[in-house]
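Everything below concerns the one structure shown next.
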Amino acid sequence: MKFLRCLILLVFWGMFLAACRQDGTPTPAIVTTTVGELLPTKSPTPTNSLPANTATPKPIPTDTAVAIPTSTSSPTAEPETTNTAIPQETMITIEQPDTGAELIVGQEVTISGRAEPAPAEDVVVRITVAGNEDVLNELVTVAETGEWSVTAVLSPTITGPAELIAHLASTETGPTIPITLMAATASEETSISMTRPEIGDTAVISHSILFNGHVNNPIDETVTIAVLDNDCTTIAATQSFPIAGGDWIGYTIISPYATAGPACAIAYTGVRGEETAREVRIPIMIVTADDTQTVILQLGNLGEIPFKANESTSLFGVAINASDREVNIRLETDDPTQPAELITSATAFASQYGFWEIDLEIPEDAEGTAVLYITIGSSDTPNYREIRLPVTIQE
């Protein structure tokens, strides 16, 4: 025990002398060395501190990389990878009928297509007319092969341009193709068609709009024309007239209280909403009365217009936003061997509703082929419009 105490005192005295000799001596730079050079040949007695001149050993590399954060904020945890399968979206196609097909109302029609991959739910098949009104709405089961098909009789009530849509029962969107619903042509059946207005035509609030078409066996020998605004939900103009059948023509005036936007032009016979009624519906657009960008010139006469020497021919139509409301009319010769010559001319004036009419006098010496010109505005202005029609003048 005495020897041990002496040994301990000698160790402390050696450490004290070493510390005294380091006063004022710069701290030596850390010397790069290898881990093997740092390992002692014998296991040293553990202590609570490292010797002052011993360099800190490098960390021993491992196979696990440790990310060093570049900021003090906590890094976002990476999402855990799972084995959950993502469901594949079902692709629906319409294979029958073809795009632009004409379907006869009142008759049986087959509509078919595919849904891949085959869904666990049904497919909805719809046919809609202007105003987004369904005339067919069927729920169809999809076979395991992905095929679907439905056969149905189309309602005979409404005809005109339509859209065929197919979509999953859980959604409202899917492939859409344009089609046309046509009336049956059998002479004993009631039917009505319309050639004007056309799809996308423009009607102007507080102005006239022309209609014409054909009717077969009209109910109560009456045809009604109308314009529906607010996306085809409310009446903005209407007019009824008697007719026994055949071609018809008429016009009506859009209400000053109509709403600009998507609309419908319709012609019907019978009472709308009843099964016996027949209606044709065309999507159009209504614009405000102060829309000066809308310039319209129309001739209302149907078919071949009769011209006879020394007599007058009645012409009428619609002109909207015409300069000074003037409608200029010229009749010129049409002989390829001779320069064109003026036969007669006149000026009609559109009313505040845009309607114009005139009796054009034909000279007594006029005969043969001619060209009828109806114009508004000047040829060098943006609001210039022209109708050019070949005619024949009878003696």
### Task
Go through region 87-137 and give me each residue that's of a type in the set (Val, Ile, Thr), touching a residue at least 60 places away in the same chain (Cβ under 8 Å) and closer than 21 Å to Thr276 by Cβ.
Ile104, Val105, Val129
### Task
May I ask you to list the residues in region 90-109 that are in a loop (DSSP other than H, G, I, E, B), modelled with pLDDT under 95 and over 16 Å from Ala184 (Cβ atoms)?
Thr90
### Message
Within region 253-273, take every residue that is out of contact with any Lys or Arg (no Cβ under 8 Å at 6 or more places or on another chain) and not in a loop (DSSP other than H, G, I, E, B) and give me the one that is farthest from Met194 (Cα to Cα).
### Response
Gly261
## Note on the structure
Exactly one of Ala162, Ala184, Ala203 is small (Gly, Ala, Ser) and surrounded by fewer than 18 Cβ atoms within 10 Å (Cβ to Cβ), and that residue is Ala184
### region 187-200 - residue that is without any contact (Cβ under 8 Å) to a residue 40 or more places away in the chain and of a type in the set (S, T, N, Q) and, of those, surrounded by the most Cβ atoms within 10 Å (Cβ to Cβ)
Thr195
### Query
Is there a residue being modelled with pLDDT of 95 or more, over 27 Å from the mean Cα position of the chain (by Cα) and assigned to a strand (DSSP E or B) anywhere in region 125-136?
no
### Query
Taking region 230-243, which residues are touching a Phe, Trp or Tyr at 6+ places or on another chain (Cβ under 9 Å) and either at pLDDT below 95 or under 18 Å from His207 (Cα atoms) (or both)?
Ala236, Gln239
### Message
Testing Thr173 on (1) surrounded by fewer than 15 Cβ atoms within 10 Å (Cβ to Cβ); (2) part of a strand (DSSP E or B); (3) of a type outside the set (Phe, Trp, Tyr), one condition comes back false. Which one is that?
### Response
(2)
### Query
How many of the residues making up region 102-118 are surrounded by 14 or more Cβ atoms within 10 Å (Cβ to Cβ) and either out of contact with any strand residue (DSSP E or B) (no Cβ under 6 Å at 6 or more places or on another chain) or farther than 17 Å from Glu138 by Cβ (or both)?
4
### Query
Among the strands (runs of 3 or more DSSP E) confined wholly to region 336-381, which include 3 or more residues that are surrounded by 14 or more Cβ atoms within 10 Å (Cβ to Cβ) and touching a residue at least 24 places away in the same chain (Cβ under 8 Å)?
355-361, 368-376
### Summary
Checked region 198-252 for anything farther than 15 Å from Cys264 by Cβ, in a strand (DSSP E or B) and among the small types (Gly, Ala, Ser); matches are Ser208, Ser240, Gly246, Gly250
### Query
In region 57-74, is there at least one residue being at pLDDT 90 or above and of a type outside the set (Asp, Glu)?
no
### Query
Could you say which residue among Asn212, Asn216, Asn230 is free of Cβ contacts under 8 Å to residues at least 60 places away in the same chain and within 27 Å of Asn321 (Cβ to Cβ)?
Asn230
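The values are calculated or read from the model by the stated rules, or taken from the named source; none is laboratory data. Please read these numbers as outputs of a predicted model, since none were measured by experiment. Using ideal geometry, Cβ is built from the backbone for each residue, glycine included, and neighbour counts are taken over all protein chains shown.
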